[in-house]
1. Any residue at all in segment 78-85 that is farther than 29 Å from LEU26 by Cβ and either at pLDDT 90 or above or assigned to a helix (DSSP H, G or I) (or both)?
2. Does segment 97-108 include one or more residues that are of a type outside the set (Phe, Trp, Tyr) and either in a loop (DSSP other than H, G, I, E, B) or over 25 Å from LEU147 (Cα atoms) (or both)?
3. Hey, can you tell me all the residues within segment 1-41 that are among the basic types (Lys, Arg) and assigned to a helix (DSSP H, G or I)?
4. Looking at segment 49-71, can you tell me whether even one residue there is modelled with pLDDT under 90, hydroxyl-bearing (Ser, Thr, Tyr) and under 17 Å from the mean Cα position of the chain (by Cα)?
5. Collect the residues in segment 95-117 that are touching a residue at least 40 places away in the same chain (Cβ under 8 Å) and surrounded by 19 or more Cβ atoms within 10 Å (Cβ to Cβ), keeping them in residue-number order.
6. Provide a single number: the residues in segment 5-31 that are surrounded by fewer than 16 Cβ atoms within 10 Å (Cβ to Cβ) and not β-branched (Val, Ile, Thr).
7. Out of the residues in segment 104-149 that are of a type in the set (Val, Ile, Thr) and more than 23 Å from the chain's Cα centre (by Cα), state the one that is modelled with the lowest pLDDT.
8. Please verify whether segment 84-94 includes one or more residues that are over 27 Å from ILE131 (Cβ atoms), buried (at least 18 other Cβ atoms within 10 Å of the Cβ) and within 20 Å of the chain's Cα centre (by Cα).
Amino acid sequence: MSLQTKIMDVMKEAMRSKNTIALEALRAIKSELLLAQTASGSKEEITEADEIKILQRLVKMRKDSAEIFTSQNRPDLAEPELAQIKVIEQFLPAQLSETEIEAIVSKIITETGASGIASMGKVMAAATAQIGGQAEGKVISAIVKKLLV
């Protein structure tokens, strides 16, 4: 079942239960998927990797917004953003723990023979390709820096 089909099913359920926060998050996902599909100019489905990137971008946007609202002492605006994150994350693959990421990155470092911070770009490219949507880029970057220094 494609992501768009899953989104529509969950959206129908959110409409029935009158869950406005979930509905808003699901509409945002649907909108971004349609924009991505039409931006490429083709009528074909977008790839699963692209879908994951879109979902991660939506989660990151909401996390950033929630941080800003919290720092400005506006919990009334931060709470819906955090609730939408939970709705969006249910469509993302399970996230890897830091120890699992560390194991993968250290394996990549030994395979590529990387040493020092100058090799960070090469290691990051291999790590993001291998880990894909299972971890945030910020977390991967921090672990790569820690292991290369």
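1. There is no residue in segment 78-85 that is farther than 29 Å from LEU26 by Cβ and either at pLDDT 90 or above or assigned to a helix (DSSP H, G or I) (or both).
2. Yes - at least one qualifying residue is present in segment 97-108.
3. Scanning segment 1-41 gives LYS6, LYS12, ARG16, ARG27, LYS30.
4. no
5. Those that are touching a residue at least 40 places away in the same chain (Cβ under 8 Å) and surrounded by 19 or more Cβ atoms within 10 Å (Cβ to Cβ): ILE101, VAL105.
6. Residues in segment 5-31 being surrounded by fewer than 16 Cβ atoms within 10 Å (Cβ to Cβ) and not β-branched (Val, Ile, Thr): 13 in total.
7. VAL149
8. no
The values are calculated or read from the model by the stated rules, or taken from the named source; none is laboratory data. Please read all numbers here as calculations on a predicted model, not as lab measurements. When we count neighbours, we look across all protein chains shown, and the Cβ atoms used for this are built from the backbone with ideal geometry, even at glycine.
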